[in-house]
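Here is the structure we will look at.
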Amino acid sequence: MDGMRWQFIDSGYANTKNLNYLAQNGVKAKYIKAVVPSKTWPNHHSFLTGLYPESHGIVSNNFWDPVYQEKFVLDYDCSNYDPKFYNASEPIWLTLQKSGGRSGVYFWPGFAGYDEKPTFYEKPICYLNCNDVDPKKLPLMRNTTRSGWPPYIHCMVNHSEPAQTRIDKVIGWLKSKDPPRFVALYFENPDSTGHNYGIFEEQYKMAMEEVDRDAVGYLINSLKNANLFDSVNLIFVSDHSMTNTSSSRQIFLDKFINPDDFQLVEGGAVGHIWAAEDKIDQIYWNLTERGHPHMTVYKRENIPDSYHWKNNRRIPPIFVDPEVGWIVKKTSFGPRQGNWTVGDHGWPPTKSESYSVFFAHGPAFRKGFEMHSFNTVDLYPLMCKLLGINPLSNNGSLENVEMMLKAELITKGDASLTLKLQTKVLLAILSVTFFILNEPHA
């Protein structure tokens with residue numbers, strides 16, 4: 001449910017009867033407060049670590065590491081599979097395995113970037129053996145070889161695989177002799193449709209309804225048919241919402257600064273500017289004194305503390321924060337010309353309301369309960385509680401979310417309270433779906 005717009009569910013604009021069913025029989029929150037930036041890789045990593053991006057290190061979909069002197073590129077690039085980019089934090093599935101449990105991860109962003117892999121997982125399709133590639137030579141291997149997105153592929157999961165196929169395989173994991181206690185399952189729509197058509201077009205609404213039918217509905221029915229629905233704790237989330245931008249709301253940085261003086265490592269709804277140390281002050285002055293009225297420019301040390309996005313070496317020395325609906329590009333040259341309107345995300349969620357959806361159902365959760373909004377990082381301690389494992393250091397708060405649990409499961413001043421339900425966690429995260437399974441099944 002990547003990019004599922006919470007506003008369209010809340011208003012009833014999209015027909016999401018299966019999510020509504022979960023709300024009636026479980027827990028719903030109006031939204032979850034996504035982390036900065038409201039992009040896919042940082043938010044998915046925050047779900048599984050309970051850390052803000054400045055702490056877990058996956059600070060955007062694409063970023064520069066000044067120590068490694070290398071660029072990280074999401075999903076389709078060999079850097080996405082390089083463990084050194086993920087070594088600042090440990091996801092919940094790996095902590096579970098270290099404690100003797102079993103996990104399953106299906107297409108979850110970043111899952112293959114660890115030396116130890118989930119017990120159950122679906123391998124990406126690779127055209128290069130990334131283990132044999134010298135990372136310093138990767139820039140020479142990033143030439144455009146495809147039309148559309150992505151521009152090239154080193155390794156990437158099969159995003160064209162139908163949701164039903166993914167779910168059938170996960171059900172197979174759960175019915176195995178020694179099933180996983182935790183499963184994270186990812187679906188890329190309606191995000192990809194929103195990027196192509198914009199959020200107010202019929203295609204985006206249809207994509208939301210398709211996910212509700214073919215992913216949420218099919219999963220519910222599959223669990224019922226396997227006699228697992230009442231034994232599994234399900235958590236459905238998205239990673240962010242979406243906002244429209246257009247060809248008339250572009251900021252071209254070369255109108256203010258010499259394009260030879262900097263690299264725009266991440267563009268669009270955020271701008272990561274990297275440059276030689278002796279160029280930083282002049283670039284900053286040009287952008288602030290001569291810059292565009294629809295953007296705010298920060299030096300790293302002046303980024304608002306509320307973003308939780310400044311105390312990491314991968315945060316750029318200059319951050320361009322465009323107004324919601326505006327995007328940043330290095331120059332006006334590029335593949336997308338003419339007049340267009342598309343969906344995008346990445347702006348600070350408190351400004352863009354690019355929040356996430358939340359639904360939960362299962363034996364640990366209350367029925368027909370509407371939660372107040374909470375933070376993405378708060379889900380991690382909740383999931384650790386359901387799994388019965390000790391959380392690692394994190395930025396979340398169990399107190400913010402434990403009221404969604406049945407009364408007998410709520411901690412009363414004792415954070416180590418053992419669940420009366422001995423959960424096997426199938427954390428089906430729908431964008432993500434998380435499953436937490438209650439009873440062992442042969």
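The values are calculated or read from the model by the stated rules, or taken from the named source; none is laboratory data. It should be emphasised that the depicted structure is a prediction, and the values quoted were computed from it without experimental measurement. Glycine also receives a Cβ, built like all others from the backbone with ideal geometry; neighbour counts cover every protein chain displayed. The protein model used for the area step is the full one, side chains on, heavy atoms only, and it has no ligands, DNA or RNA in it. Shrake-Rupley method; radii C 1.70, N 1.55, O 1.52, S 1.80 Å.
Quick one: with all protein chains in place, what share of the accessible area of region 1-77 is carbon or sulfur, to the nearest percent (1.4 Å probe)? Present the calculation step by step, with values, prior to reporting the outcome.
Details: 880 of 2060 Å².
Summing carbon and sulfur atoms, their accessible area is 43 percent of the total for region 1-77.
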Size of charge dipole - the chain - debye, nearest 20, with Cβ of Lys, Arg +1 and Asp, Glu -1, no other charges = 700
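What percentage of the solvent-accessible surface of region 241-307, computed with a 1.4 Å probe over protein heavy atoms, is contributed by carbon and sulfur atoms? Show your work: numbers first, answer last.
Working: 1360 of 3250 Å².
After summing per-atom areas, the C and S share lands at 42 percent.
On full extension of the chain, what length is gained from residue 99 through residue 372, given 0.36 nm per residue of separation minus the C-alpha to C-alpha distance?
Result: 95.0 nm gained on full extension.
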Tell me which residues come under 5 Å, amide H to amide H, from residue 120 once H is placed; ignore anything under 5 positions away on its chain.
-> 103, 104, 105
How large, in percent, is the carbon and sulfur part of the accessible surface of region 118-231 at a probe radius of 1.4 Å?
-> 48
Compactness check, the chain: C-alpha Rg relative to the 2.2 N^0.38 Å globular estimate gives 0.96
Under Karplus coefficients 6.51, -1.76 and 1.60, residue-wise ³J(HN,Hα) of region 239-253 in Hz, glycine/proline x = 9, 5, 9, 9, 9, 7, 10, 8, 4, 8, 10, 10, 10, 9, 5
Grab the DSSP H runs of the chain that are 4 residues or longer, score each as -39,500 (n - 2.57), total them, divide by all residues and round the 222 nm result to the nearest 500 deg cm²/dmol.
-> -5500 deg cm²/dmol
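Stretch residue 339-residue 399 to full length: gain in nm at 0.36 nm per residue minus the Cα-Cα span? Walk me through the numbers on the way to the answer.
Details: separation 60, 0.36 × 60 = 21.60 nm, distance 4.80 nm.
Answer, rounded to one decimal: 16.8 nm.
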Between residue 232 and residues 5 or more places away or on another chain, the pairs with built amide H atoms under 5 Å apart involve 438
Calculated FRET efficiency, residue 203 and residue 153, Cβ-Cβ r, R0 22 Å, to nearest 0.05?
-> 0.35
Under 18 Å from residue 177, Cα to Cα: lysines that are on another chain or at least 8 residues apart | 169, 424
Determine ³J(HN,Hα), in whole Hz, for all residues of region 65-74 in sequence, where each value follows from phi through the Karplus function 6.51 cos²θ - 1.76 cosθ + 1.60 and θ = phi - 60°; x replaces Gly and Pro.
-> 10, x, 7, 6, 6, 9, 9, 9, 10, 5
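What FRET efficiency would be calculated for the residue pair residue 68, residue 247, taking the C-beta separation as r and a Förster radius of 41 Å, to the nearest 0.05? Display every interim value, and only then the final one.
Details: r = 36 Å, r/R0 = 0.87.
In this case the efficiency is close to 0.70.
Where does each of 165, 245 land when they are ordered by accessible area, with a 1.4 Å probe and the largest first? If you can, show how the numbers build up before the last one.
Values: 165 50, 245 0 Å².
Descending order: 165, 245.
Keeping all protein chains in place and using 1.4 angstrom, which order do 201, 370 fall into by accessible surface area, from largest down?
Working: 201 95, 370 125 Å².
Descending order: 370, 201.
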Between region 243-287 and region 88-161, what is the C-alpha centre distance in whole Å?
-> 30
Provide the per-residue ³J(HN,Hα) series for region 347-354, in order, calculated from phi with Karplus coefficients 6.51, -1.76, 1.60 and θ = phi - 60°, each as a whole number of Hz, with x at glycine and proline positions.
-> 4, x, x, 5, 8, 9, 6, 7
Can you work out the accessible area per residue across the chain, with the rest of the protein chains kept in place, probe 1.4 Å, in square angstrom?
-> 40
Please give the FRET efficiency for residue 288 paired with residue 140, using the beta carbon to beta carbon distance and R0 = 35 Å, rounded to the nearest 0.05.
-> 0.50
Sorted by number, the cysteines in the chain with no other cysteine beta-carbon under 4.7 Å are 384
